[in-house]
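This report refers to the structure that appears directly beneath it.
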Amino acid sequence: MKNIRPISDPAKPKVYIETYGCQMNVNDSEVILSILQDDGYVLTENMDEASLILANTCSIRDNAEQRIWGRIDQFRLQKRRRTGVIIGIVGCMAERLKDRLLDGHVVDIVAGPDSYRNLPALIKAVTPDSPQMDVMLSHEETYADISPVRMDRNGISAYISIMRGCNNVCSYCVVPYTRGVERSRDPQSIVREAAEVFDAGYKEVCLLGQNVDSYLWREPGAPDRTVDFADLLEMVAKTSPELRVRFSTSHPKDISDKLIFMMASYPNICRHIHLPVQSGSNAMLEKMRRKYTREWYLERVAKIRSVMPDCGISTDIIAGFCGETAQDHEDTLSLMREVGFDSAFMFQYSERPGTLAAMKYPDDVPPEVKTSRLNEIIALQNTLSKASNEREIGKRHTVLVEGVSKRSSEELTGRTSNNKVCVFPSCGHKAGEYVEVEVTGCTSATLISRPV
Ligand code: 5AD
Ligand code: SF4
């Protein structure tokens, strides 16, 4: 594993990187930094001193892209003030918009998620009159051999990408078009990376993929020898009982009994599953092409809880998808109550050009209805999160300390195995330690506790 070299060398060019979007993008920025560091760059957190400014972008909703257009306007000022500054837009928005990003004459480099190895060459080829673009998607690229330069800074928890791309064509989603086809990374390279981060002092890894349950590695030359996600999880969990293992994201259609039992048999695999449901209405699920029903989803939740009663379950929900009726919306609320999610990410539907939904279904739920439905969903989730946290009061948990709490320098913060944020008086403990606590109180977002 490589680390950021803290001593800044004035002779070396500096790169400033902004990251938008998902955890996968955070890890991609770490891959980009590794590639650029090998090419002589050093990272700076000050855009004003960078000769290369990169934005690693997200296209998932229109507002994510609008934010980045706003940033491009800011980058224009940098170019006016300092000659020779190179501006690069990389990641999902680069893949989606391609040369349209060059229109305003601000952007010099456009690079899609599979083109990062080519960045040094693109940078060298840029001139004021010839911007450079590489948006080729790949069937093979997994950056397996690249050691990401960790930018997380807490030094406790590291992301490891285990696969790239996505083969599910959920009708609302732009990701298959921006990140290409699904490909799994060599498990040995994943296990090696987990061991490296553990040796470097990290205590937690989070295995990342768009749909981790469809991870599948076929041994080259022996295609009947395979490693599925449950196997991989076990291989990583065996790194050390002191290394916690998390993963994201699971797909309700693919999450297997084998995986659930594998989680249960290793205490260091965290008791938390992020299981996006998107909607509680079968009509909406069908239109979204999620390939499961409300009943299937509830059965999977029941299975998880029968094997691991203490397992945290979080979700993603979209409000106001095409044709959503008041009854469909009620179905989402009732499913939320039935499951009692521990937490959720909640969004208004945003039509994405080029997706199946954009081509087939009118975006016909009026904006004010979307907003009011989303507000109801958020209000309900706040109650559910509070209730979920209240159920923890009086219980004991092992917390992996991530650092000092924002609220008070006398308190530490970390997460429980079931992914709840927990604060407690430091009592001499420090980041990276496992601390046994008893929960004494809570808010809807945080457990309040004391070491035992
Ligand atoms: N509009 C709104 N939310 C979306 N998501 C994905 N595509 C869209 C869209 N077009 C949400 C889904 C997904 C999460 C990462 O983003 O809930 O699980
Ligand atoms: Fe991540 Fe999807 Fe956004 Fe791409 S579009 S950065 S995959 S959330």
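The values are calculated or read from the model by the stated rules, or taken from the named source; none is laboratory data. Just so we're clear, the structure is a prediction, and the values are computed from it rather than from any experiment. Note that each Cβ is placed from the backbone with ideal geometry, even for glycine, and that neighbours are counted across all protein chains shown. Please note that ligands, DNA and RNA were not included when accessible areas were found on the heavy atoms of the full protein model with its side chains. Shrake-Rupley method; radii C 1.70, N 1.55, O 1.52, S 1.80 Å.
Within segment 412-452, which residues are open to solvent by less than 60 Å² (accessible area, probe 1.4 Å), of a type in the set (D, E, K, R) and assigned to a strand (DSSP E or B)? Those that are open to solvent by less than 60 Å² (accessible area, probe 1.4 Å), of a type in the set (D, E, K, R) and assigned to a strand (DSSP E or B): Arg415, Glu438. Inspection of segment 217-224 finds a residue satisfying the criterion of being touching a residue at least 24 places away in the same chain (Cβ under 8 Å) and either open to solvent by 40 Å² or more (accessible area, probe 1.4 Å) or touching a strand residue (DSSP E or B) at 6+ places or on another chain (Cβ under 8 Å) (or both). The residue pairs whose first member lies in segment 170-188 and is within 14 Å of ligand 2 (Cβ to nearest atom), whose second member is open to solvent by 30 Å² or more (accessible area, probe 1.4 Å) and hydrophobic (A, V, I, L, M, F, W, C), and whose beta carbons are closer than 6 Å, counting only pairs six or more residues apart or on different chains, are Pro176/Val169; Gly180/Leu137.
For segment 64-85, residues that are surrounded by fewer than 12 Cβ atoms within 10 Å (Cβ to Cβ) and under 16 Å from Gln348 (Cβ atoms) total 1.
Taking segment 312-333 as the range and being within 26 Å of the chain's Cα centre (by Cα) and either open to solvent by less than 10 Å² (accessible area, probe 1.4 Å) or without any contact (Cβ under 8 Å) to a residue 24 or more places away in the chain (or both) as the test, the residues that pass are Gly312, Ile313, Ser314, Thr315, Ile317, Ala319, Gly320, Phe321, Cys322, Thr332, Leu333. Whenever a residue of segment 45-69 is free of Cβ contacts under 8 Å to residues at least 24 places away in the same chain and assigned to a strand (DSSP E or B), it has no partner that is crowded, with 22+ Cβ neighbours inside 10 Å and not aliphatic (A, V, I, L, M) lying with C-beta atoms less than 6 angstrom away and at least six residues away or across chains. Given the conditions (1) hydrophobic (A, V, I, L, M, F, W, C); (2) in a loop (DSSP other than H, G, I, E, B); (3) within 30 Å of Ser250 (Cβ to Cβ), and given that Met24 satisfies all but one, which numbered condition is not satisfied? For Met24, the failing item is (2). Among the residues of segment 53-86, the ones that are of a type in the set (Ser, Thr, Tyr) and within 16 Å of ligand 2 (Cβ to nearest atom) come to 2 in all. Just so you know, in segment 412-430 the residues that are under 20 Å from Gly155 (Cβ atoms) and among the basic types (Lys, Arg) include one that is farthest from the chain's Cα centre (by Cα), and it is Lys430.
Of all the listed residues (Gly221, Gly209, Gly201, Gly180), the sole one being of a type outside the set (D, E, K, R), over 21 Å from the mean Cα position of the chain (by Cα) and over 25 Å from Lys430 (Cα atoms) is Gly221.
Applying the criterion of being in contact with a Leu (Cβ under 7 Å, 6 or more places away or on another chain) and within 16 Å of ligand 2 (Cβ to nearest atom) to the residues of segment 335-378, the residue that is farthest from Gly280 (Cα to Cα) is Gln348.
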